[in-house]
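Take a look at the structure below.
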Amino acid sequence: IRSNLKYEMRLIMNKVKASIFLIALIILLQSSFSAMAATTEIDNRSLMPVYKPDSEVKMIDGSPEWASSLIMASLRIESATEEGTFQAATKLLDHYQKMGVNCIWVLPIYQRGANKDLSGNNGYGNYGPHTIEPSLTGTNNIDESFKVVKKFVDEAHKRNIRILFDIVVWGAEKDSPIVKEHPEYFIQLENGFREVWGGYAFNWSSEVWQEWYISCATNFIMKTGADGFRCDLEPTITGYPV
């Protein structure tokens with residue numbers, strides 16, 4: 001009996017020792033992996049093409065040379081940070097730069113309709129190409145909003161990151177002031193404006209409308225320094241010529 005007890009005690013002690021050794025090994029491996037992760041942080045900044053101003057950019061078959069080397073990410077300003085502003089989103093640019101992302105496609109930043117929650121349609125419901133959503137810039141002044149957006153774009157360029165903004169061409173929300181101010185900018189049927197996606201459709205057959213819209217798009221680029229647009233729903237709405 002004593003012999004059996006001693007044998008069983010030895011087995012128990014061996015199991016305890018084995019368990020202690022296994023726990024110590026796991027702790028050691030976890031520490032090693034943590035140390036390796038800390039020393040192998042991804043940093044692809046040196047691999048990114050250097051940002052060049054427009055005056056130094058070559059055109060290839062009608063497109064800027066940098067268009068062929070884009071590694072893109074999409075960014076929704078209102079949900080990218082807790083603050084939901086351009087000012088707060090600027091701090092994310094370092095992360096994208098380390099990841100090697102050299103172009104960010106920003107979802108629509110036009111002013112949202114009063115009947116749309118900011119999280120409801122990602123900005124594709126809008127008040128028109130001449131507006132910017134105040135909550136994204138912290139100001140209701142359009143000129144000040146342009147300055148806020150430009151600062152974000154400038155910070156991106158410092159990190160060799162191009163910025164493309166989403167441009168919306170389908171139409172505007174029904175409660176947009178532009179509907180009352182310029183009803184000729186929208187398609188009108190016998191029983192009222194043509195409805196699409198909960199709003200009214202722009203009248204792309206109107207040269208007056210085309211000229212105004214293009215001037216808004218050009219003004220946006222000139223005031224923000226952005227690198228171009230991602231054109232939503234194109235070319236099915238305006239066609240390639242526009």
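The values are calculated or read from the model by the stated rules, or taken from the named source; none is laboratory data. Treat the numbers as computed from the prediction; the structure is a model and nothing was measured. Quick reminder, even Gly has a Cβ in these numbers, built from the backbone with ideal geometry, and neighbours come from all protein chains shown. Note: areas computed on protein heavy atoms with side chains; ligands, DNA, RNA excluded. Shrake-Rupley method; radii C 1.70, N 1.55, O 1.52, S 1.80 Å.
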Of the listed pairs Lys52/Lys91; Lys151/Lys180; Lys158/Lys180; Lys151/Lys174, those with alpha carbons more than 30 Å apart are Lys151/Lys180; Lys158/Lys180; Lys151/Lys174
Expressed as a percent, the accessible surface of the stretch 147-226 that is carbon or sulfur, using a 1.4 Å probe and the full set of protein chains, is 52
Only loop residues by DSSP count here, and only those with at most 10 other Cβ atoms within 10 Å; note down the GluC sites (Glu not before Pro) in the stretch 146-242 that meet that. Glu190
On full extension of the chain, what length is gained from Ala88 through Val50, given 0.36 nm per residue of separation minus the C-alpha to C-alpha distance? 11.2 nm
Using the Cα gyration tensor of the stretch 148-229, with a ≥ b ≥ c the square roots of its eigenvalues, what is the shape: rounded (a/c below 1.5), prolate (a/b larger than b/c) or oblate (neither)? prolate
Can you tell me the dipole magnitude for the chain around its Cα centre, using point charges on the Cβ only (Lys, Arg +1; Asp, Glu -1), in Debye to the nearest 20? 1980
Quick one: of the DSSP bridges fully inside the chain, what percent are antiparallel, nearest 5? 45
Stokes-Einstein at 10 °C, 1.306 mPa s, Kirkwood radius from Cα pairs: D for the stretch 75-205 in µm² s⁻¹? 101
Long-range amide H partners of Ala172 with built H, under 5 Å: Tyr200, Phe202
The ³J(HN,Hα) series, computed from each phi in the stretch 59-69 with the Karplus coefficients 6.51, -1.76 and 1.60 at θ = phi - 60°, rounded to the nearest Hz and given as x for glycine or proline, is 9, 10, 6, x, 10, x, 4, 5, 5, 8, 10
What is the chain's relative contact order, in percent, from Cα pairs under 8 angstrom and six or more apart in sequence? 17
With a 1.4 Å probe and every protein chain left in place, work out the accessible area per residue of the chain in Å², rounded to a whole number. 61
Report ³J(HN,Hα) in whole Hz for each residue of the stretch 161-170, in order, from the Karplus equation J = 6.51 cos²θ - 1.76 cosθ + 1.60 where θ = phi - 60°; Gly and Pro get x. 10, 7, 10, 10, 9, 6, 10, 9, 10, 6
Could you give the distance between the Cα centres of the stretch 133-174 and the stretch 73-115, to the whole Å? 10
Name the long-range amide H neighbours of Leu75: under 5 Å, sequence gap of 5 or more, or other chain; modelled H, no Pro or chain starts. Trp105, Val106, Leu107
Rounded, prolate or oblate: pick one for the chain, where a ≥ b ≥ c are the square roots of the eigenvalues of its C-alpha gyration tensor, a/c under 1.5 means rounded, and failing that, prolate if a/b is larger than b/c, else oblate. prolate
Distant-in-sequence amide H partners of Gly100 (H built 1.01 Å from N, under 5 Å): Asn44
Approximate spin-label separation Thr81-Ile23, in nm, with each point projected 7 Å along Cα-to-Cβ: 4.4
